[in-house]
Structure formats: C-alpha cells, structure tokens
Amino acid sequence: MRIVDQRNVNAVASSRSARVGGSAGARFTLDSGTATAKAEGAAPASVLGGLEALIAIQSEDTTRERRRRGLRRGHSLLDLLDELKIALLSGSPTPDLLNRLAVAMRDEGFSGDPRLDGILESIDLRAAVELAKLRKAQRG
C-alpha cells in the first residue's frame, strides 16, 4: 500500500484551517505491483548473501571455539603437571591426581592452529611420559 500526498508544500505551511478541512489531505492507493516484483526478484541474492555471511560467521566461531578449547585443555594439563610435580616433591602423588591427569589426556581435539596444536602435542607427550613413569614405579 502506498500513501500519495497530493498537497502542495506551500499548502502544508498554510493556516490551521486548511489542515482541519480533511478533504484536501492524503489519499491511499494500491501500487500496480511493479515495485513488489522488483523487490522479490532481488530477494534471493540478498538471502544467499545472508546465508553465506551466516556460514562464515559460524565457521569463524567454531575456529575460535576450537582454539579456546585447546587453550583451556593446555592450561589444565599444565596445571595438573604442576600439581604432580608438587606431589612428587612432597611425597607421592595421590591416585586421584593420576586419574585426573589420565582423564585430561583423553580429551583430544585439534584447534586448527598448527602452532597451538604442536604445543598441545608436546604437553600431551610430557603428561604421557610422567604417567608411564609413575605407573611403572607403582608396579615395581
């Protein structure tokens, strides 16, 4: 629906009596539909652009999220290794600590960042070596 104002700009600025009259106001008409057809023809392109943007945003979010998870995992493994070091210096590590370290090592996933993944592999290797040494010491 389109509103067509047939009043002159000077008529709007005129006295209040002209506005109160009511019959010289705006008139409502229906469009012939050409503007609607043009808008519908352009809609698929904008929808595709919107979908592509949404997919790009989602892939960026998953990359960020994977990196964030990798960082969290690395920090938690390093914290557990620090706890293990303190436990070894103070006596012997508790079985709970060894279980937590083993569980933390099971959570594997790649962040997509080669540098971060390399660091995480080094941390995993160090944790695996420490676990193997402690398990061998417990058996023998």
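The values are calculated or read from the model by the stated rules, or taken from the named source; none is laboratory data. Keep in mind that this is a model prediction, so the values were computed, not measured. For neighbour counting, all protein chains shown are included, and Cβ atoms are generated from backbone atoms with ideal geometry for every residue, glycine included. Just the protein is used for accessible areas: all its heavy atoms, side chains included, with ligands, DNA and RNA removed. Shrake-Rupley method; radii C 1.70, N 1.55, O 1.52, S 1.80 Å.
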key: The listed residue being more than 30 Å from residue 130 (Cβ to Cβ), surrounded by 11 or more Cβ atoms within 10 Å (Cβ to Cβ) and either modelled with pLDDT of 65 or more or of a type in the set (S, T, N, Q) (or both), out of 59, 14, 32   = 14
query = Would segment 62-78 turn up any residue that is without any contact (Cβ under 8 Å) to a residue 40 or more places away in the chain and not in a helix (DSSP H, G or I)?
reply = no
request  = Working only within segment 79-131, note down all residues that are open to solvent by less than 60 Å² (accessible area, probe 1.4 Å), of a type outside the set (A, V, I, L, M), closer than 26 Å to residue 64 by Cβ and part of a helix (DSSP H, G or I).
outcome  = 117, 118, 124
task = Taking the residues in segment 117-140 that are modelled with pLDDT of 90 or more and among the small types (Gly, Ala, Ser) as candidates, determine which candidate is nearest to residue 79 (Cα to Cα).
result = 127
